[in-house]
1. Could you tell me which residue of the range 102-137 is farthest from VAL88 (Cα to Cα), considering only residues that are surrounded by fewer than 19 Cβ atoms within 10 Å (Cβ to Cβ) and of a type in the set (Val, Ile, Thr)?
2. Taking only the range 15-26 into account, find how many residues are modelled with pLDDT of 90 or more and aliphatic (A, V, I, L, M).
3. Consider LEU54 carefully, then state whether it is modelled with pLDDT of 95 or more and either open to solvent by 10 Å² or more (accessible area, probe 1.4 Å) or not polar (S, T, N, Q) (or both).
4. Return the only residue of ARG190, ARG210 being open to solvent by 100 Å² or more (accessible area, probe 1.4 Å) and modelled with pLDDT of 85 or more.
5. What number of residues in the range 57-94 are open to solvent by less than 10 Å² (accessible area, probe 1.4 Å), within 15 Å of LEU38 (Cβ to Cβ) and among the small types (Gly, Ala, Ser)?
6. Which residue pairs have Cβ atoms under 6 Å apart, sit 6 or more places apart or on different chains, and have a first residue in the range 6-24 that is among the β-branched types (Val, Ile, Thr) and a second that is part of a helix (DSSP H, G or I) and modelled with pLDDT of 85 or more?
7. Being within 17 Å of the chain's Cα centre (by Cα) and either among the hydroxyl-bearing types (Ser, Thr, Tyr) or over 17 Å from SER130 (Cα atoms) (or both) narrows it down to one of GLY87, GLY77, so name that one.
8. Working only within the range 49-85, note down all residues that are polar (S, T, N, Q) and in contact with an Asp or Glu (Cβ under 7 Å, 6 or more places away or on another chain).
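The values are calculated or read from the model by the stated rules, or taken from the named source; none is laboratory data. Being a predicted model, the structure only gives us computed values, none of them experimental. Ideal geometry is used to build each Cβ from the backbone, glycine not excepted, and the neighbour counts take in all protein chains shown. The protein model used for the area step is the full one, side chains on, heavy atoms only, and it has no ligands, DNA or RNA in it. Shrake-Rupley method; radii C 1.70, N 1.55, O 1.52, S 1.80 Å.
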Amino acid sequence: MSILKRLKEEIDTVFERDPAAKSKAEVIFCYPGFHAVLFYRVAHKLWKHEFFFLGRLTSHLGRFFTGIEIHPGATIGKRFFIDHGMGVVIGETAEIGNDVTIYHGVTLGGVSLEKVKRHPTLEDNVVIGSGAKVLGPFTVKKNAKIGSNSVVVKEVPENATVVGIPGKIVKGTLDKKSFDHNKLPDPVARAITDMATRMCHMEAEINDLRKKLKNYEDND
């Protein structure tokens, strides 16, 4: 793909996923996520040709200007979109598929000091909410959604939605173009509700036993 076609594709991606975008000029000059992806593309090209220092320097400049840190060794597919972006960190061995969207404060991090695959793999159409941490060399499969501030440390199945610390699967398929956090269930609140319901049942049973005991004593 030519540079101009790739640039047009990156701009179209912003318009597709951010309703706040008003013009191409705004995207080109005012979107740090767009800038970070451009810095990454250059840095990754240098890295692949073993210009490691220049690749890291380009990546560092991108971090300085955008607040987004993408290691030049990471592998990122087409139409990758970072919304807002400040504080995003993507590690060296991370792999990202096509049409992936992540929000500010997301970390694709590693949990090992070995020179092996340390960072997660995101398949196509994955969405990761702001502040989420995805840590380790596992796969988040196609169409999965990760809620804001979740901490994910194991594989996420296709079409699943994960929330919480540690992340738990709470819902099945969602609309690919929507990610309404108001509709995401809270596993902690659900557990508390279940406990409260059980306590009400136990209280009713205790009251029933008390009545039976009182009737027994009165008839004795």
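1. VAL116
2. So the answer is 1.
3. Details: modelled with pLDDT of 95 or more: yes; either open to solvent by 10 Å² or more (accessible area, probe 1.4 Å) or not polar (S, T, N, Q) (or both): yes.
Taking the combined requirement at face value, the residue satisfies it.
4. On the way: ARG190 fails: modelled with pLDDT of 85 or more.
Criteria check complete, one pass: ARG210.
5. The number of residues fulfilling the criteria is 3.
6. Sorted first by the residue in the range 6-24, then by its partner, the pairs are ILE11/LYS24; ILE11/VAL27; VAL14/VAL27; VAL14/PHE34.
7. Working: GLY87 fails: either among the hydroxyl-bearing types (Ser, Thr, Tyr) or over 17 Å from SER130 (Cα atoms) (or both).
Exactly one residue qualifies, and that residue is GLY77.
8. THR75
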